[in-house]
Amino acid sequence: MQSLHVLSLTLLSVLAANAQTLRPGKCPQPPVQANFDAAKYLGSGYEIQKLPAVFQKGECTTATYSLKSPGVVGVLNRELLADNTVSAITGYAKAKDPSGACQAASHLLRG
């Protein structure tokens with residue numbers, strides 16, 4: 001019975017670790033969203049859960065998206081740090097093809 005528990009725990013650990021690993025080879029090429037409407041994307045998003053990331057040290061992360069100009073979406077990312085200060089970074093994404101296909105070049109600007 002104990003060996004069954006060890007085997008089950010080992011299998012569960014392998015499956016959990018496998019879900020968070022990088023694999024060799026080319027990145028997948030997802031299809032481009034046709035007729036993308038940036039207005040539906042605007043507003044605020046709130047992080048519910050995350051994996052550890054070296055560029056994110058805080059909690060309560062939010063992302064606020066706004067229309068800066070036609071074809072340009074602005075982003076403001078904020079997080080609450082352990083010392084109760086707020087860390088923020090701003091940026092923008094600009095449509096590569098103004099025809100409405102959802103393909104963008106993004107730029108983050110540490111302030």
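Here is a check on your reading of the model: is residue 106 farther than 13 Å from residue 57 by Cβ, modelled with pLDDT under 90, not in a strand (DSSP E or B) and not acidic (Asp, Glu)? Spelling it out, it is not the case that residue 106 is farther than 13 Å from residue 57 by Cβ, modelled with pLDDT under 90, not in a strand (DSSP E or B) and not acidic (Asp, Glu). Take the residues of segment 43-82 that are assigned to a loop (DSSP other than H, G, I, E, B) and in contact with a Ser or Thr (Cβ under 8 Å, 6 or more places away or on another chain): which is surrounded by the fewest Cβ atoms within 10 Å (Cβ to Cβ)? Ranking the candidates gives 50 first.
Being out of contact with any Lys or Arg (no Cβ under 6 Å at 6 or more places or on another chain), surrounded by fewer than 11 Cβ atoms within 10 Å (Cβ to Cβ), of a type outside the set (Gly, Ala, Ser) and modelled with pLDDT of 80 or more: is that true of residue 40 here? Judged against the criteria, residue 40 is a match.
The values are calculated or read from the model by the stated rules, or taken from the named source; none is laboratory data. Since the model is a prediction, treat every value here as computed from it, not as a measurement. No Cβ is skipped: glycine too gets one built from the backbone with ideal geometry, and neighbour counts run over all protein chains shown.
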